[in-house]
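As structure tokens, the structure follows; a few thoughts come after it.
Values quoted throughout were computed directly from the atomic coordinates according to the rules given, and no laboratory measurement underlies them. Please read all numbers here as calculations on a predicted model, not as lab measurements. Every residue, glycine as well, gets a Cβ built from its backbone with ideal geometry; the counts of neighbours run over all protein chains shown.
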Amino acid sequence: MTTLTRPAPVASLLVVAGLLLHPAVRAEAWLPARDAVLAAVLLLTTIALVLRAVAGPAPGRLASALLAAGAVLVVGAVGADGLRGHRGTLSLAPGQARSHFEEVGPEGRSLGLRPLGFTLGLEQTLPGAALALVLPGETETVVLTPDRAVSAGGIRFGRPRVVPTGAAARLRVGISGGGEDVTVDVAPGRPARAGDLTIALEEYFPDFALDGQRQPFTRSREPRNPGALLDVESPRGSFRVFVLRSMPGVHRVEALDRSFALRAVEPEVSAEIAVHREPFAAVALVGALVTLAGVAVTRRTP
């Protein structure tokens, strides 16, 4: 037991705990029992610090006591948060705001909606799966990244993911023929005008394919092979035009003397944010401050 109280084992335990907690390591991906291992490491560290405070050398006993007290507060707060805290997922589209999140139980089972206690908004998605969030009391947007969590109202937000919804926010359609070549933007519910033509989106396929009955379907929500069915209104009548990005310029309507091409797609996306309510976060902060005081006293102890 005395071996556990020596500086090297204590430091090793702290390093392991830091690695398990750091978001860049993503320990939960390769260590299914990460939470249990982390709890065991933190408990061993606390026991080691308490033993060191009780049975350690007299000159360093004050520092050891502060370190032990800080560890007890931090580990106790983390454990209490595990029992009384809440976790789940918040899904937002750019420009959307919500005051509830989907709570998830220990087995990953959905427990329904739980209020945040305030409204959180998503202004826009940024490169690298980062998100620009609108938080209460903040005059500017707060950037959430996969490596940097943010907190508000006792709730921690982290691990953002940007995923396509399977819909299109905007299609860029090229129209050529009749001595002109124009490009228009078509969005769901917002038809575009090109001369005497009105182009509306009827159906979108992010990953177009044909089934055994030669019927169109999408293989995934990812825009791997986007295609769209357009409704084109003209003085000569209405036409349904199919465009596929992998086959530009071959979709021609002879009655209109026009060719249509899908030149670009802006997919509709949604952001998923991990939510953790930590009611004992303030206690953990006090414990961290006490621990820092212990480190300061250790450095002054001869």
Go ahead and run the numbers for FRET between Ala293 and Ala40, Cβ-Cβ distance against an R0 of 35 Å, rounding to 0.05.
0.85
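Could you compute the FRET efficiency for Arg161 and Leu210, with r as their C-beta to C-beta distance and R0 at 25 Å, rounded to 0.05?
Numbers: r = 31 Å, r/R0 = 1.22.
FRET efficiency, Arg161 to Leu210: 0.25.
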³J(HN,Hα) computed for each position of segment 219-229 - Karplus, 6.51 cos²θ - 1.76 cosθ + 1.60, integer Hz, glycine/proline x
7, 7, 8, 6, x, 7, 9, x, x, 8, 9
Fewest to most Cβ atoms within 10 Å: Arg109, Arg240 sort as Arg109, Arg240
Whole-Hz Karplus ³J(HN,Hα) for segment 156-172, in order, using 6.51 cos²θ - 1.76 cosθ + 1.60 and θ = phi - 60°, x for Gly and Pro?
9, 10, x, 6, x, 9, 10, 10, x, 8, x, 9, 10, 7, 6, 10, 9
Can you list the HN-Hα couplings for segment 188-204, worked out from phi with the Karplus curve (6.51, -1.76, 1.60; θ = phi - 60°), rounded to whole Hz and with x for Gly and Pro?
x, x, 10, x, 10, 10, 9, x, 8, 9, 10, 10, 10, 8, 9, 7, 10
Starting from the Cα gyration tensor of segment 166-267, multiply each eigenvalue by 5, take the square root, and state the resulting semi-axes largest first in whole Å.
22, 14, 12
For the peptides 260-267, 144-151, 207-214, what is the packing order when you average, over each peptide's residues, the other Cβ atoms within 10 Å and list the highest mean first?
260-267, 144-151, 207-214
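With a sphere of radius 9 Å drawn around the Cβ of Ala149, what net charge do the other residues whose Cβ falls strictly inside it have (Lys, Arg +1; Asp, Glu -1)? Present the calculation step by step, with values, prior to reporting the outcome.
Values: positive: Arg148, Arg156, Arg159; negative: Asp147.
Here the charged neighbours net out to +2.
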If r is the Cβ-Cβ distance from Arg252 to Ala169 and R0 is 25 Å, what FRET efficiency results, to the nearest 0.05?
0.40
